[in-house]
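**Q** Dropping the structure in here first, questions after.
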Amino acid sequence: MRKVFFGLFSILGKNKTLSLFVILHSALAIGLGRLFAFAPDESGYLYTFSNLYGHSTDPNPQYQSGWITAPKAFLWVAYLPAKLLTLLGVPDYAAIRFLSIALTLFSVLMLRKVYFKTSNQAKNWDKWIFAAYLIPSVFLWTTVGLRESFIIAEIAAFLVGFNYLWAGKSIKGAILIAIGSYGLLSTKSYLWLCLMLATLICCGIIVFQRVSKKLILKFLTAGLLIPLALFACTTSVYALTFILKSDITETGKRSGDSITQIYVDGSGNPSGDGSGNPSGDGSGNPSGVGGGKPPKGDTQEEVKLITFHGDYTLVALYFYLQDNPNSIFTKVLSVSKLKNKIEQIWSEKIKLGLIYEDVEAGSDTSSLNGHILTPGQIEKPFSMVWPAFVFLFGPFPLVGDPGIAAAVASFESTLWWLLYMALAFQFFRFRRSKFLQDPTMILSVIFTLGFIAFSALVEVNLGTSFRHRSVLLVPIIFMFLRLRQRAAELASQTPHSGP
């Protein structure tokens, strides 16, 4: 452990880009404090972590977060570094965020291995890898205590492990593949299923390419059989039932509406003590955010119930700023004048809700950027085209009348467009590298297309879809680097003619 600890600090000390990467993530993790407005689900993961070790009244704390199918043994090991930090006095919310940062750093270091062995100019490309990870939403999801950092690290371990296995480094490759596969199965089973379907299709293709059957068997054993057996031995009957009874068709029929209700008085101020909980089925908003309680007695007519469709971030931010005037985050927003802007938008939404009889305030759900998405249907393949397009390229700048969060996110979409174009150009640039004969590229392409198709079938909420798109970052970077690596490998195998 000491060797790993000092080794990591040695790497950070020698690489300024890595150091800056960790510093920026850590600054955000600390600066946010106990603010969960940008990642509402984080409070659920914090609950799981806080009740995972020692004595707890909740025997299954993972059921209160996205870890519902994760074996408790897996969570004990996965969260152990964060638990050790809390024993040193680090706050629980900061501990799980630092764990997220460490996992993200691990994924970056793994991906760098794909390229660094083949080029003297690798350090220049190193900066671009970090730049991709600094896409604002990815930067946020890999800083807060959600599952995205776990997923990104697990997919990176699987793909890089397969690359090692194919390069003849069987032990290292098999270990990474097994860890990545078991971790992904424990973290998000449907993503693991997408990866395993891609694995089986890939093996079905390469079996006809004169590939060693022994190598294929090693891959399937490490990537499929061992993780599946380990998961079956460590998970609960409840989790297995939950997975086996999951229906992709029913999943796509969920409501994408995210509803938060606020009681306000005639002046637009939240009534009561501000402890009201949001209602609705939309995005799994945690309790404890919302505003006001319905008054009792003669004052009943003096208040109205304002219903926000979407704009949960706005609501949570407003109440956080009101309740935490001395926090670092509040002071930063005050200095940058963003606090005034949030309060202004809040007032406009409340006035809108007080004027109209339906007292609904929120984003325009009828527009292209509305927070409710219409997924495709598996029995109608062509219905998946538009949802897949929105998943990849939305939300779109300057279109419709989205809420504040979607409006900000829409301008980030242009960064994803540039990322797609860079990958497309890389495919064109190395079109002679025979990448369709490379098992690692076959697997990556099939998994990426499968994940996009699956997302087109199940995504019903723009915010959730926008967050899930971050998963694409790993296969995109891997394919980008692997294309360059394969071209270098083929070039080294080509005999050079004399002068």
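**Q** For residues that are surrounded by 14 or more Cβ atoms within 10 Å (Cβ to Cβ) and in a loop (DSSP other than H, G, I, E, B), scanning just the stretch 295-334, find the one that is modelled with the lowest pLDDT.
**A** Ranking the qualifying residues of the stretch 295-334, first place goes to PRO295.
**Q** Would you list the helices (runs of 4 or more DSSP H) that sit entirely within the stretch 125-188 and hold 2 or more residues that are in contact (Cβ under 8 Å) with a residue 40 or more places away in the chain, among the small types (Gly, Ala, Ser) and crowded, with 20+ Cβ neighbours inside 10 Å?
**A** 148-166, 170-187
**Q** Can we say PHE447 is over 24 Å from LEU109 (Cα atoms) and within 17 Å of the chain's Cα centre (by Cα)?
**A** no
**Q** Separate question: Contact list please: Cβ distance under 7 Å, first residue in the stretch 39-56 and closer than 18 Å to LEU28 by Cα, second residue charged (D, E, K, R), pairs at least six apart or on different chains.
**A** Once the first residue is closer than 18 Å to LEU28 by Cα and sits in the stretch 39-56, its partners that are charged (D, E, K, R) give LEU46/ASP92.
**Q** Pick out the one residue from SER383, SER413 that is surrounded by fewer than 21 Cβ atoms within 10 Å (Cβ to Cβ), modelled with pLDDT of 85 or more, more than 24 Å from the chain's Cα centre (by Cα) and more than 30 Å from ALA167 (Cβ to Cβ).
**A** Selected residue: SER383, the only one of SER383, SER413 that is surrounded by fewer than 21 Cβ atoms within 10 Å (Cβ to Cβ), modelled with pLDDT of 85 or more, more than 24 Å from the chain's Cα centre (by Cα) and more than 30 Å from ALA167 (Cβ to Cβ).
**Q** Same structure again: If a residue counts only when it is farther than 18 Å from PRO395 by Cα and among the aliphatic types (A, V, I, L, M), which helices (runs of 4 or more DSSP H) contained entirely in the stretch 426-499 have at least 3 such residues?
**A** Fully inside the stretch 426-499 and qualifying: 439-458, 473-493.
**Q** Mind counting the residues in the stretch 335-352 that are of a type in the set (Val, Ile, Thr), under 19 Å from ILE262 (Cβ atoms) and surrounded by fewer than 13 Cβ atoms within 10 Å (Cβ to Cβ)?
**A** The total comes to 0.
**Q** Related question: What is the residue count in the stretch 367-380 for residues that are more than 11 Å from SER465 (Cβ to Cβ) and either part of a loop (DSSP other than H, G, I, E, B) or at pLDDT below 80 (or both)?
**A** Count: 8.
**Q** May I ask you to verify whether PHE158 is within 29 Å of SER492 (Cα to Cα), at pLDDT 95 or above and not hydroxyl-bearing (Ser, Thr, Tyr)?
**A** yes
**Q** Follow-up. Taking the stated definitions as given, is THR104 of a type in the set (Ser, Thr, Tyr), buried (at least 17 other Cβ atoms within 10 Å of the Cβ) and part of a helix (DSSP H, G or I)?
**A** Here the answer is yes, as THR104 does meet what is asked.
**Q** Could you pull out every one of the helices (runs of 4 or more DSSP H) wholly within the stretch 1-91 that has 1 or more residues that are within 24 Å of VAL138 (Cα to Cα) and at pLDDT 85 or above?
**A** 16-32, 42-50, 72-78, 80-87
The values are calculated or read from the model by the stated rules, or taken from the named source; none is laboratory data. Since we're looking at a predicted model, the values are computed, not measured. In this analysis, Cβ positions are derived from the backbone assuming ideal geometry, glycine residues included, and neighbour counts consider all displayed protein chains.
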